[in-house]
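Quick notes on the structure that follows.
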Amino acid sequence: MIPGLVHRTQAKNVLAHEPLHLAALVADLAGQAFLFTAEKSLTGGIKLRPYANIHVAVGERIQPVEISHGTEERVRVFFFSESAPLPFAAALAAVAGMLAGEEIKLDYLHIFAADDCFGALLCQQYYHIPYIYSVYNLTEEKKPLTHLHALGLQLPADCALLGNMFFNEQACAANAAYVIDESGGSIPQNWNHFFCSYAGRVVTGQPAVDTTYWADYGDGQAKRSVRKTELLTVLKQSANVLVYSDVSEAEASLVLPADTILLHSQSGSKRREILQSADFYIYDSPTAAHKQLLEAMAAGCIPISALQGIPAGLIVDESDDPDRATGYTYSPGEKTWVDALARAARDLRERPAWQQSLRQRGTALVAGHYSLANAAGIYHRVYRGFAPVKLPFLVNNQHKAQTAPDNGGQGNA
């Protein structure tokens, strides 16, 4: 089996190494995998060599595209010199044709952004390669029909038109073999209306992060308290409670508890350093992403949240289940995250050992259920034809009943 993962550019909130790591995990299950990209940072430093120099005609424009490739273990990476959606799409179809000349045919293309539907549709039309579309959010972005016509494509059936514009995400999902709901339980606007059009092809995915990266503290493996002290020294700050948020509005109009510092809106290695040092992570804004919450928990931050749109069972408060607690949610009388933070800070002072066990449960939960390896397992099932398709007429979870093992009809001993 050969799945081809398309990551034309580096998506927002996706680390540069994640697509290649995901492809490697898929290859471990499928035997091999291809990765197609126009972002050099996504190639992971693999030594690339020339594969083809082509010219693609997009409408009335002819554009050169250089294609290089390289292999790392069981992952074959193709890098395109052109990242614009239409030339990239034409070049992707050209590579599919060249691979066919090598008697290599992809079993599936897997796209993670609606702008990559053009390449998927071309490969489907000319080489009968089905594709899978992972949907993370809905922007209702519109594209001109000329984008399709420039590549000799027609708008898929049952897709709405608004003048001479079409809805990109709808066109992408219309011809997909499977549409994977990657929302993780949150329901953005028009989400259910979108997916109800594709009954029999909707698969419930799960948010995933590179838990190994976020939990890797380097060679020192210093205690969290030591890392926090070192970070505060660098920042020239002094506090007993260090809190982080990915959105700056978290601190607006709210008075922090005494001896508390709130950091926010960092990126890259600096963000990881803070998450591996901070005591708590604030997840209380509609602009925050599940992926950011999972990264914070993987790095060892204890989450504080109002529980709006969070995957079920991810943040469990002590008041709901003391044995499964992983964070703090608003208790009766607590109206903001600052109120919940005051309770969490009190536990940090008075029950540090208990709070450390809470931290460890949260980290273990994310590592066990929201890792890239878990996502690769779901994708592999889909590629093999065992997609856990969502049945809209079932109102309960789809779990088989547990039965006692057959003892050969001998009855109870």
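The values are calculated or read from the model by the stated rules, or taken from the named source; none is laboratory data. Not measured: the values here are computed from a predicted model. Backbone-built Cβ (ideal geometry, glycine too); neighbour counts: all protein chains shown. Heads up: the accessible areas ignore ligands, DNA and RNA and are worked out on the full protein's heavy atoms, side chains in. Shrake-Rupley method; radii C 1.70, N 1.55, O 1.52, S 1.80 Å.
General remarks:
- Top-ranked residue in region 276-297 [being open to solvent by less than 10 Å² (accessible area, probe 1.4 Å) and assigned to a strand (DSSP E or B); ranked as modelled with the lowest pLDDT]: 282
- Criterion (of a type outside the set (Ser, Thr, Tyr), modelled with pLDDT of 90 or more and buried (at least 19 other Cβ atoms within 10 Å of the Cβ)) met by exactly one of 344, 364: 344
- Scan region 57-70 for residues that are surrounded by 14 or more Cβ atoms within 10 Å (Cβ to Cβ) and touching a residue at least 24 places away in the same chain (Cβ under 8 Å) and the total you get is 5.
- Listed by first and then second residue, the pairs with beta-carbon distance under 6 Å, at least 6 apart or on different chains, first residue in region 1-15 and under 16 Å from residue 114 (Cβ atoms), second surrounded by 18 or more Cβ atoms within 10 Å (Cβ to Cβ) and small (Gly, Ala, Ser), are 5/23; 8/38.
- Scanning region 57-98 for residues that are part of a strand (DSSP E or B) and over 27 Å from residue 1 (Cβ atoms) returns 57, 58, 61, 62, 63, 64, 65, 66.
- Residues being at negative phi and small (Gly, Ala, Ser) - total across region 30-51: 4
- Residue satisfying all of: in region 317-341; under 27 Å from the mean Cα position of the chain (by Cα) and either among the acidic types (Asp, Glu) or farther than 22 Å from residue 260 by Cβ (or both); surrounded by the most Cβ atoms within 10 Å (Cβ to Cβ) among these: 317
- Top-ranked residue in region 1-56 [being β-branched (Val, Ile, Thr) and assigned to a loop (DSSP other than H, G, I, E, B); ranked as most open to solvent (accessible area, probe 1.4 Å)]: 9
- Of all positions in region 158-181, none carries a residue that is modelled with pLDDT under 85 and under 27 Å from residue 284 (Cα atoms).
- Each residue in region 172-188 was checked for being open to solvent by 20 Å² or more (accessible area, probe 1.4 Å), part of a loop (DSSP other than H, G, I, E, B) and under 22 Å from residue 86 (Cβ atoms), and 1 of them qualify.
- Elements of type strands (runs of 3 or more DSSP E) in region 108-150, at least 3 residues being within 23 Å of residue 165 (Cα to Cα): 131-135, 142-144
- Checking residue 78 against (1) at pLDDT 95 or above; (2) touching a Lys or Arg at 6+ places or on another chain (Cβ under 8 Å), the condition it does not meet: (2)
- Residues located in region 320-356, provided they are under 25 Å from residue 289 (Cα atoms) and among the small types (Gly, Ala, Ser): 325, 327, 331, 340, 342, 344, 345
- Selected residue (criterion: surrounded by the fewest Cβ atoms within 10 Å (Cβ to Cβ)) from residues of region 133-171 that are hydrophobic (A, V, I, L, M, F, W, C) and under 23 Å from residue 391 (Cβ atoms): 138
- No other residue among 79, 88 is crowded, with 17+ Cβ neighbours inside 10 Å and within 28 Å of residue 201 (Cβ to Cβ) apart from 88.
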